[in-house]
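Enquirer: This is the structure, below, for whatever I ask next.
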Amino acid sequence: IHLAHSAATVAANGDTIGPADPREMIALVETANDGEGPSAFVMRPMEWSYLVNRRADAVSAADGAGAFLFLDVARTAESVAKVLAGLPVVTSTQVNKTSIKGSGTTLTYVLCGNFRRVMLGRVGSIELATDPSLGFLEEQIYVRAIYRHDVALEQEASMVICPTLLNG
């Protein structure tokens, strides 16, 4: 990924995303001459949970009783849609949670980008191989299937990563 965005709060053992970060990540994609702009955010489910529940301070520091920072409060009567700064949020446990910074070893990231610019390359066949000797005692034949593919970005600047984030 070509562009990296530093989170609002940078710390020695992991960073914390702030309310301005999603819109700044969107602006980085738009500034990269991608006429379509970003199409989605991708993050771990716990990171989404952290963002949607994060509140501002109301009366005293760190009381967390103020307004929701990332949630559109006008829509709270409905179910909470996975939308951040107007873009859909895709959550997946396939997003890494083992990044390291300082003594932090369970850090994750948030991606923002134009996923219409992701290209998939694949060979049009599956290679099959069998081996009857491995399962001889069980009267079974082992089958191995190999499918080759690759993923690339049409334009690297169409993706922005906010790395080394505390995982929710």
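Enquirer: Sort out which residues of segment 134-168 are part of a loop (DSSP other than H, G, I, E, B) and not β-branched (Val, Ile, Thr), and write them in order of number.
Expert: Those that are part of a loop (DSSP other than H, G, I, E, B) and not β-branched (Val, Ile, Thr): LEU134, GLY135, PHE136, LEU137, GLU138, GLU139, GLN140, GLU154, GLN155, ASN167, GLY168.
Enquirer: Determine whether THR130 is of a type in the set (Ser, Thr, Tyr), in contact with a strand residue (DSSP E or B) (Cβ under 7 Å, 6 or more places away or on another chain), open to solvent by 50 Å² or more (accessible area, probe 1.4 Å) and not in a loop (DSSP other than H, G, I, E, B).
Expert: Here the answer is yes, as THR130 does meet what is asked.
Enquirer: Now for a separate question. Please enumerate the residues belonging to segment 39-53 that are outside any helix (DSSP H, G or I) and farther than 13 Å from PRO88 by Cα.
Expert: ARG44
Enquirer: Right, next: Name the single residue, out of those in segment 133-168 being more than 18 Å from ALA40 (Cα to Cα) and among the acidic types (Asp, Glu), that is most open to solvent (accessible area, probe 1.4 Å).
Expert: This residue is GLU139.
Enquirer: For MET46, which of the numbered conditions (1) modelled with pLDDT under 80; (2) among the aliphatic types (A, V, I, L, M); (3) surrounded by 15 or more Cβ atoms within 10 Å (Cβ to Cβ) fails to hold?
Expert: Here MET46 meets the rest and fails (1).
Enquirer: I've got another one for you. I'd like the residue in segment 137-168 that is of a type in the set (Val, Ile, Thr) and under 24 Å from ASN13 (Cα atoms) and, out of all such residues, is farthest from the chain's Cα centre (by Cα).
Expert: The extreme case among them is THR164.
Enquirer: Can I ask one more? Could you identify the single residue in ALA56, ALA81 that is at pLDDT below 85, of a type outside the set (S, T, N, Q) and either touching a Ser or Thr at 6+ places or on another chain (Cβ under 7 Å) or more than 27 Å from VAL118 (Cα to Cα) (or both)?
Expert: Being at pLDDT below 85, of a type outside the set (S, T, N, Q) and either touching a Ser or Thr at 6+ places or on another chain (Cβ under 7 Å) or more than 27 Å from VAL118 (Cα to Cα) (or both) holds for just one of ALA56, ALA81, which is ALA56.
Enquirer: Let me ask something else about it. Any chance segment 87-109 includes a residue that's surrounded by 12 or more Cβ atoms within 10 Å (Cβ to Cβ), polar (S, T, N, Q) and at pLDDT below 90?
Expert: For segment 87-109, residues surrounded by 12 or more Cβ atoms within 10 Å (Cβ to Cβ), polar (S, T, N, Q) and at pLDDT below 90: absent.
Enquirer: Hey, any hits in segment 129-141 for a residue that's touching a residue at least 12 places away in the same chain (Cβ under 8 Å) and under 22 Å from LEU28 (Cα atoms)?
Expert: No, segment 129-141 has no match at all.
Enquirer: Another one. Tally up the residues in segment 17-38 that are open to solvent by 40 Å² or more (accessible area, probe 1.4 Å) and not in a loop (DSSP other than H, G, I, E, B), please.
Expert: Here the count works out to 6.
Enquirer: Shifting gears a bit: Can you find even one residue in segment 152-168 that is of a type in the set (Val, Ile, Thr), touching a strand residue (DSSP E or B) at 6+ places or on another chain (Cβ under 6 Å) and on the phi > 0 side of the Ramachandran plot?
Expert: The answer is yes, given that some residue of segment 152-168 is of a type in the set (Val, Ile, Thr), touching a strand residue (DSSP E or B) at 6+ places or on another chain (Cβ under 6 Å) and on the phi > 0 side of the Ramachandran plot.
Enquirer: Filter segment 110-122 for residues that are open to solvent by less than 80 Å² (accessible area, probe 1.4 Å) and more than 17 Å from ALA4 (Cβ to Cβ); which is farthest from the chain's Cα centre (by Cα)?
Expert: Selected residue: GLY121.
The values are calculated or read from the model by the stated rules, or taken from the named source; none is laboratory data. This is a predicted model, so every value here is computed, not measured. All Cβ positions, even for glycine, are placed from backbone atoms using ideal geometry, and neighbour counts span all protein chains on display. These accessible areas exclude ligands, DNA and RNA; they are computed on the full protein's heavy atoms, side chains included. Shrake-Rupley method; radii C 1.70, N 1.55, O 1.52, S 1.80 Å.
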